[in-house]
Amino acid sequence: MSTPLTVGLMRVVLHLPDSGSLKSKRMIISGLLRRVRQQLKVSAAEVGEQDRWQLAELAIATVSGDGRHADEVLASVLRFIESHSDGARITDVSTELVKL
């Protein structure tokens, strides 16, 4: 008998109005991703809009034996991004819980 498993996935699109170059965007995004990974113990990466100065698309993933816990972790990540995004504004969020 296998143990229940839930994979929580979240996509977050950020608008960075103060970013004037790819270099400044990457500094903001790489620092944010590093802190998200360290403090919330999730996988996180920039997955889209990589050549645009003022937009970033991030993906976050977590794995849990409990769907409610996976959902709570993703909600914590979103709150963390909202409060640590250095002037970036969240323009879109989507989440999905996949039960395996």
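The values are calculated or read from the model by the stated rules, or taken from the named source; none is laboratory data. Source: prediction; values computed, not measured. All Cβ positions, even for glycine, are placed from backbone atoms using ideal geometry, and neighbour counts span all protein chains on display. Heavy atoms of the whole protein, side chains included, go into the accessibility calculation; ligands, DNA and RNA do not. Shrake-Rupley method; radii C 1.70, N 1.55, O 1.52, S 1.80 Å.
Looking at region 47-58, which of its residues are closer than 19 Å to GLY87 by Cα and among the hydrophobic types (A, V, I, L, M, F, W, C)?
TRP53, LEU55, ALA56, LEU58
Quick one: in region 1-30, of everything that is in contact with a strand residue (DSSP E or B) (Cβ under 6 Å, 6 or more places away or on another chain) and not aliphatic (A, V, I, L, M), which residue is nearest to SER85 (Cα to Cα)?
HIS15
For region 19-54, how many residues meet the condition of being in contact with a helix residue (DSSP H, G or I) (Cβ under 8 Å, 6 or more places away or on another chain) and part of a helix (DSSP H, G or I)?
5
Looking at region 1-19 only, could you name the residues that are in contact (Cβ under 8 Å) with a residue 12 or more places away in the chain, of a type in the set (S, T, N, Q) and open to solvent by 90 Å² or more (accessible area, probe 1.4 Å)?
THR3
In region 34-53, which residue that is open to solvent by less than 50 Å² (accessible area, probe 1.4 Å) and more than 18 Å from VAL63 (Cβ to Cβ) is nearest to the chain's Cα centre (by Cα)?
Filtering first and then ranking leaves GLU46.
Assess whether SER94 counts as being part of a strand (DSSP E or B) and either closer than 28 Å to THR6 by Cβ or under 10 Å from the mean Cα position of the chain (by Cα) (or both).
yes
Just for region 73-100: of the residues that are open to solvent by 100 Å² or more (accessible area, probe 1.4 Å) and over 21 Å from LEU16 (Cα atoms), which one is modelled with the lowest pLDDT?
LEU100
Kindly list the number of the only condition in (1) of a type in the set (S, T, N, Q); (2) surrounded by fewer than 18 Cβ atoms within 10 Å (Cβ to Cβ); (3) part of a strand (DSSP E or B) that fails for THR62.
(2)
Mind checking which residues of region 20-33 are within 15 Å of the chain's Cα centre (by Cα) and either open to solvent by 60 Å² or more (accessible area, probe 1.4 Å) or polar (S, T, N, Q) (or both)?
ARG26, SER30
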